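Report on one structure; see the data block that follows.
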Amino acid sequence: MVRRTCIFFISLFMIAENVAVSQDTVTVPLHVRAGFDISGPVMKLVTKELISYGIAASADINSSIAATAGLRYSSYHSSDVLYDFMSRGLSFTAGTDYNFIKANVSQGRHSAGIGLRYGLSFYREETPKLRYTNEWGTGETSVAAESHTGHFLEITPGVRTELFRGVTIGWNLYMRLLLSAGAGKDLKPVWMPGYGPGTSGMTVGAEYYVSISIPYRKIKVYIKPKVRDTEEEEGEATETGSGTGTGLSGFRNPL
Amino acid sequence: MKRLSVISFIAIMATLVMFLPSCSVQPCYEETNPLLKTVLLASGTGEAAKADSLRVYTYRETDTLRFINLKGASAFSVPLDPASDESEFLITLNGITDTAVIRYSRKPHLVSPECGYTIISELTGLKTTHNIIDTLIIENKSVNLDGQKNLHLFY
């Protein structure tokens, strides 16, 4: 009988513990998102040399990690006294984004985090005219169009939030690190589509995305209880206890 | 909504700050003229030699290009003709003239978006007269912007 009573109480404790855990979970919707970069068309108004249109898609793997992929078409043309240069091509990026905001705060609608992506650029570059000058005089020549494949890494801190139900906006800064322009050391591209100046080992910039967001699944996320609150309460209780002059303090004073 | 406006404003400003500098014309600070560097050496010992006088020039149909006119020179650097696969130089050492013909292949090289392109060369051969020059040999084939020694001239 005693044994059965013990088992009953242990079971109650276990159930009680489960109830406590369920209070520390939140249900978070996971989304798939697809959007386009509006900074490309806006920048076309500022600089006529570059046309750049980007689309991106991402899918939440859990409340803090999302798989992401992007596709960008870029066309660049510059003409000045020294040379004419043109390049155009498609670039692909793929990687993951990490959301620093806790699931109970973000609710699957907000994100502030950082992403790491690998980028691949398939492009064609051409220098129809280049002018050189030295003591022998000035001359002109050209470099025929050639196709190349470049590689780069992209680190993107950024934020995203839900503007309306199903529509999110967000921007991210990017820092791209060139792995290879694929064109040799002499004919690095003045502009590598999807990356930027091929003569520079690192480029920085920003993108501004408007996306549609569709929830595809809901998950329960365990939220760690705030330990600090408990400690604070304990601290307050101790202070209160010492303030009354009872308990241990009563034994210490005579010493 | 107010927070969103602030974030949007910061994003737009950040974008403009990063992109607008690329719209302005940037000056060129880099070296853009590849030079063929030749070191003068004493024939027999191979030690560095200093010429009392040195002139390097070339005749063209319409004019004469004078590249070097120095006293007490132990090395000299001259540009190759970027429009041709060979350059002819007249080298006057201590008043005695020799003719050197340098052959090479050429290819364009992007210095930077600001500085544009230059023509770098790969030496393929040379020939010289031997009035004062004993030997002229290729030490380093690449005539580029690195500034390395290309030829050893023994006299």
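The values are calculated or read from the model by the stated rules, or taken from the named source; none is laboratory data. Small disclaimer: the values here were computed from a predicted structure and weren't measured. With ideal geometry, Cβ positions are generated from the backbone for all residues, glycine too; neighbour counts draw on all protein chains shown. Heavy atoms of the whole protein, side chains included, go into the accessibility calculation; ligands, DNA and RNA do not. Shrake-Rupley method; radii C 1.70, N 1.55, O 1.52, S 1.80 Å.
Tell me which residues, restricted to the range A:84-96, are more than 17 Å from A:Leu177 (Cα to Cα) and in contact (Cβ under 8 Å) with a residue 60 or more places away in the chain.
Scanning the range A:84-96 gives A:Phe85, A:Ser87, A:Arg88, A:Gly89, A:Leu90.
What number of residues within the range B:48-68 satisfy the criterion of being among the acidic types (Asp, Glu) and within 13 Å of another protein chain (Cβ to nearest Cβ)?
Residues flagged as among the acidic types (Asp, Glu) and within 13 Å of another protein chain (Cβ to nearest Cβ) within the range B:48-68 amount to 2.
Residues A:Arg131, A:Arg117, A:Arg109: which one is closer than 23 Å to A:Trp191 by Cα and more than 10 Å from chain B (Cβ to nearest Cβ)?
Sole residue among the options that is closer than 23 Å to A:Trp191 by Cα and more than 10 Å from chain B (Cβ to nearest Cβ): A:Arg117.
Are any of the residues in the range A:59-66 in contact with an Asp or Glu (Cβ under 7 Å, 6 or more places away or on another chain) and open to solvent by 70 Å² or more (accessible area, probe 1.4 Å)?
Checking the range A:59-66: not a single residue is in contact with an Asp or Glu (Cβ under 7 Å, 6 or more places away or on another chain) and open to solvent by 70 Å² or more (accessible area, probe 1.4 Å).
I need the full set of residues from the range A:110-123 which are within 30 Å of A:Glu162 (Cβ to Cβ) and open to solvent by 60 Å² or more (accessible area, probe 1.4 Å), in order please.
A:Ile114, A:Leu116, A:Tyr118
Here is a check on your reading of the model: is A:Thr141 touching a strand residue (DSSP E or B) at 6+ places or on another chain (Cβ under 8 Å) and within 11 Å of chain B (Cβ to nearest Cβ)?
yes
Being closer than 26 Å to A:Met43 by Cα, away from chain B (no Cβ under 13 Å) and not in a loop (DSSP other than H, G, I, E, B): is that true of A:Gly170 here?
Considered against the rule, which asks whether it is closer than 26 Å to A:Met43 by Cα, away from chain B (no Cβ under 13 Å) and not in a loop (DSSP other than H, G, I, E, B), A:Gly170 comes out as no.
Given the conditions (1) under 30 Å from B:Ala83 (Cβ atoms); (2) touching a Ser or Thr at 6+ places or on another chain (Cβ under 9 Å); (3) modelled with pLDDT under 95, report the number of the one that A:Ser78 does not fulfil.
All conditions pass for A:Ser78, except number (2).
Could you list, in sequence order, the residues of the range B:102-128 that are closer than 10 Å to B:Pro34 by Cβ and hydroxyl-bearing (Ser, Thr, Tyr)?
B:Thr118, B:Ser121
Does B:Lys71 fit the bill of being facing chain A (nearest Cβ under 9 Å), free of Cβ contacts under 8 Å to residues at least 60 places away in the same chain, touching a strand residue (DSSP E or B) at 6+ places or on another chain (Cβ under 8 Å) and in a strand (DSSP E or B)?
Taking the combined requirement at face value, the residue does not satisfy it.
Would you check which residues across the range A:97-109 are surrounded by fewer than 16 Cβ atoms within 10 Å (Cβ to Cβ) and in a strand (DSSP E or B) and list them?
A:Tyr98
Pull out all pairs, ordered by first then second residue, where Cβ-Cβ is under 8 Å, the residues are six or more apart or on different chains, the first lies in the range A:152-170 and is over 17 Å from A:Gly205 (Cβ atoms), and the second is in a loop (DSSP other than H, G, I, E, B).
What qualifies is A:Thr161/A:Arg109; A:Glu162/A:Arg109; A:Thr168/A:Arg109.
Quick check on my filter: what residues within the range B:19-59 are modelled with pLDDT under 55 and either surrounded by 11 or more Cβ atoms within 10 Å (Cβ to Cβ) or touching a helix residue (DSSP H, G or I) at 6+ places or on another chain (Cβ under 9 Å) (or both)?
B:Phe19, B:Leu20, B:Ser22, B:Cys23
Step by step: first the residues of the range A:186-208, then only those that are hydrophobic (A, V, I, L, M, F, W, C) and farther than 16 Å from A:Gly115 by Cα, then the one that is most open to solvent (accessible area, probe 1.4 Å). Which residue is that?
Ranking the candidates gives A:Met202 first.
In this structure, does A:Thr230 turn out to be open to solvent by 20 Å² or more (accessible area, probe 1.4 Å), hydroxyl-bearing (Ser, Thr, Tyr) and modelled with pLDDT of 90 or more?
no
For the range B:88-155, please list each of the strands (runs of 3 or more DSSP E) lying entirely inside it that holds at least 2 residues being within 14 Å of chain A (Cβ to nearest Cβ), in contact with a strand residue (DSSP E or B) (Cβ under 7 Å, 6 or more places away or on another chain) and closer than 30 Å to A:Val81 by Cα.
So the answer is B:96-112, B:116-128.
Got at least one residue in the range A:47-66 being among the β-branched types (Val, Ile, Thr), under 25 Å from the mean Cα position of the chain (by Cα) and under 30 Å from A:Val143 (Cα atoms)?
Yes, the range A:47-66 contains a residue that is among the β-branched types (Val, Ile, Thr), under 25 Å from the mean Cα position of the chain (by Cα) and under 30 Å from A:Val143 (Cα atoms).
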